[in-house]
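Here's the structure, in structure tokens; my notes come after.
The values are calculated or read from the model by the stated rules, or taken from the named source; none is laboratory data. Everything quoted here is computed from the prediction, not taken from an experiment. Here the Cβ is made from the backbone with ideal geometry for all residues, glycine too, and neighbour counts use every protein chain on show.
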Amino acid sequence: MAAAIGIAKTATEIFLGVGEVSIDNLTFQLHYRWSVTIFIVCSVLVQTSQFFGDPVQCETAEDSVDDDVLNSFCWMYSSFDMPPNFSAQCVRRSYVGTHLYNTYYQWVPIFLFVQAALFYIPRCIWLMMEGGLMAYIVKGTTGRFIDDIEDKIAKMLKNFQEHVHNKFNSYAFGFFCCEVLNPCLSIFSVYLTHKFLLDQYLQYGIEVYKYYSVIPEERRRQGLLDPFCELFPKQAACNYNRYGMGGREDDRHAICILGLNMINDKIFLLLWLWHIFIVLMGVLRILTRSPQLVSSQVRYFLIKFKMARYFKNNAHVKHIKHYLTHCSVGDWYVLYQMSKNINQRFFAEYLTVLALTIDPDPSIVNEEPEIYITE
């Protein structure tokens, strides 16, 4: 467990940008930070034999068969024989009389790691597009106390006018496209998992709920099948093929305990719930983003809501409103991201000077870009 926690912590700090300047939002972080961490931890857990034992342990009635060889054989080859009269606890009943193909058991750790990489794709794209812009803009203004306020406002204003103003629509729409990509990849991840688990994943969580919501006596009477055992059986029969001392083929039948499936079934139930959650959050984010793109009033309201404490006593709030409702989507989005990183009092002063300098409200008599904000 210590190894799993250590790996997850290292991945979170190095690859997921913990403690850096915010360049996205909570929904985006659910996909690349939380999802990646969950998949990495799960990938490590299913490889931790310290807690769940060996992946497979088999035995036969013959003492002449080496246990290690038998275990390796049954684990490496991808099918278990399921005879019609085979009865045991937690077996795949719907496949009795056929072969239980267990290829995906061996690939679970790799598959989970691939899923983690899949969820990090939008983050990689956005990091390349963002190019460190936000960290450059807000440098030196993120602390609780800021020195040389007037000089820093003047410098930020110059940088904004020269490098940002009306030049970053592609920056904003690039991020919005990455937001759309997140739920699309989440849905694709569900599809991949469904195919990986032999088309038995889409209803997995629902089937588990239906089964365990019925009392044990009623389950037996109705002949209900345990979804955990159907997808990840704990017992199976293995045909071990070898050659005897006379050179003839000598087959042995073994009973195998698939200890790894004790954790696999819970992990994929957790991932089923997580997939539903992040897909819904991603879709919700797209639905809430749409009115922001079409309505300047909504964009102004978002910044006003975030800065309400300082807008209330700002004598130039009409100029700010005029600027925010007439600026480009790119300018608004850069400013909105700045409001999440910069000292809020400083940002209120900067935004006031920006509005008075670039696009003041023409219906109000010209005023000097000087501001006094009281808390």
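Here are the numbers for the structure shown:
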{"quantity": "Helices (runs of 4 or more DSSP H) within segment 132-231 that include 1 or more residues over 33 Å from the mean Cα position of the chain (by Cα), among the β-branched types (V, I, T) and surrounded by 13 or more Cβ atoms within 10 Å (Cβ to Cβ)", "calculated": "149-159"}
{"quantity": "Filter result for the condition that a residue is under 30 Å from H326 (Cβ atoms) and in contact with a Leu (Cβ under 7 Å, 6 or more places away or on another chain), over Y300, Y211, Y204", "calculated": "Y300"}
{"quantity": "Residue match in segment 268-291 (condition: under 30 Å from Y350 (Cβ atoms) and of a type in the set (G, A, S))", "calculated": "yes"}
{"quantity": "Residues located in segment 306-334, provided they are free of Cβ contacts under 8 Å to residues at least 60 places away in the same chain and closer than 30 Å to C184 by Cα", "calculated": "K306"}
{"quantity": "Cross-chain or 6+ apart pairs with Cβ under 7 Å, segment 193-212 first and more than 20 Å from F113 (Cβ to Cβ) and at pLDDT 90 or above, then charged (D, E, K, R) and not in a helix (DSSP H, G or I)", "calculated": "Y211/D226"}
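One line per residue, one yes/no per condition, for (1) touching a residue at least 40 places away in the same chain (Cβ under 8 Å); (2) more than 30 Å from V46 (Cα to Cα); (3) in contact with a Phe, Trp or Tyr (Cβ under 7 Å, 6 or more places away or on another chain):
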residue: V114; (1), (2), (3): no, no, no
residue: M128; (1), (2), (3): no, yes, no
residue: G140; (1), (2), (3): no, yes, no
residue: V164; (1), (2), (3): yes, yes, no
